[in-house]
1. Give me the pairs: first residue in the range 5-19 and more than 10 Å from Thr45 (Cα to Cα) and basic (Lys, Arg), second residue at pLDDT 95 or above and crowded, with 16+ Cβ neighbours inside 10 Å, beta-carbon distance under 6 Å, and six or more apart or on different chains, which are they?
2. Look through the range 109-132, keep the residues that are among the hydrophobic types (A, V, I, L, M, F, W, C) and either crowded, with 17+ Cβ neighbours inside 10 Å or in contact with a strand residue (DSSP E or B) (Cβ under 8 Å, 6 or more places away or on another chain) (or both), and return whichever of them is nearest to Gly66 (Cα to Cα).
3. In the range 103-142, which residues are basic (Lys, Arg) and outside any loop (DSSP other than H, G, I, E, B)?
4. How many residues does the range 36-57 contain that are surrounded by 16 or more Cβ atoms within 10 Å (Cβ to Cβ) and either under 11 Å from Phe119 (Cα atoms) or hydroxyl-bearing (Ser, Thr, Tyr) (or both)?
5. Within the bounds of the range 31-42, is there any residue that is under 15 Å from Tyr125 (Cα atoms) and part of a helix (DSSP H, G or I)?
6. Pull out all pairs, ordered by first then second residue, where Cβ-Cβ is under 7 Å, the residues are six or more apart or on different chains, the first lies in the range 30-44 and is free of Cβ contacts under 8 Å to residues at least 24 places away in the same chain, and the second is assigned to a helix (DSSP H, G or I) and surrounded by fewer than 22 Cβ atoms within 10 Å (Cβ to Cβ).
7. If you check Lys2 against the conditions, is it over 25 Å from Lys121 (Cβ atoms) and modelled with pLDDT of 95 or more?
Amino acid sequence: MKTYTAKPADIEREWFLVNAEGKTLGRLASEIAKILRGKHKPIYTPHLDCGDYVIVVNAEKVQVTGRKLDQKMYYRHSGYPGGLKSISLRNQLQKHPERVLEAAVRGMLPKNRLGRKMFKKLKVYAGDSHRHQAQQPKSLEL
C-alpha cells in the first residue's frame, strides 16, 4: 500500500469563523493552529500548506488562567542598544487585543516560510464584526 501525498491541485480551502469570547487563550490558539496547518483533514501533508482560513472575532474577550494578566510579558527590540521594550498581557489586551492571539498562534506554527504562509490565513478582529462575509465562513465551535 502506497502512502498518499496531496498535490497542490487537490487542496480545497474553506473559511471558518471562531468566536473567542470566554475561551482560554492557549487552548483556542492550539485548535486554530491545527486548522491553519490542515491537520484536521485526511489529506494532511506536512510539507504542503493544506489548511483552511480562520477568522477570529471578539479577541478582546479571550480568557487566561492564573496570574498571567500581570506576569506574562511581550517583548520587542528596536535593534538599538537599550531598545528592548516590554508590555504586560493586560496592557496588550487593552491596546492591541488582536496581537495577543496572533502571537499565541504564531508560536504554534512551523518556524519557516511554510509557517509564515500558513499564518497569513489567520484573520483576527477585536470586535464582533469582520470584513469577510463574501467568503461565507462556517461557524466553528471549539
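1. So the pair list comes out as Arg13/Asp52.
2. Result: Ala126.
3. Across the range 103-142, the qualifying residues are Arg106, Arg113, Arg116, Lys117, Lys123, Lys138.
4. Number satisfying all stated conditions: 8.
5. The answer is yes; a qualifying residue exists.
6. Here the result reads His40/Lys34, each pair linking the range 30-44 to a residue that is assigned to a helix (DSSP H, G or I) and surrounded by fewer than 22 Cβ atoms within 10 Å (Cβ to Cβ).
7. Taking the combined requirement at face value, the residue does not satisfy it.
Conditions tested, residue by residue: (1) touching a residue at least 12 places away in the same chain (Cβ under 8 Å); (2) more than 24 Å from Leu109 (Cβ to Cβ); (3) in contact with a Leu (Cβ under 9 Å, 6 or more places away or on another chain).
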{"residue": "Glu60", "(1), (2), (3)": "yes, no, yes"}
{"residue": "Thr65", "(1), (2), (3)": "yes, no, yes"}
{"residue": "Asp70", "(1), (2), (3)": "yes, yes, yes"}
{"residue": "Arg76", "(1), (2), (3)": "no, no, yes"}
{"residue": "Gly82", "(1), (2), (3)": "no, yes, no"}
{"residue": "Ser86", "(1), (2), (3)": "yes, no, no"}
{"residue": "Arg90", "(1), (2), (3)": "yes, yes, yes"}
{"residue": "Leu93", "(1), (2), (3)": "yes, no, yes"}
{"residue": "Glu98", "(1), (2), (3)": "yes, no, no"}
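The values are calculated or read from the model by the stated rules, or taken from the named source; none is laboratory data. The structure displayed is predicted, hence computed values, not measured ones. Neighbour counts run over all protein chains shown; Cβ positions are idealised from the backbone, glycine included.
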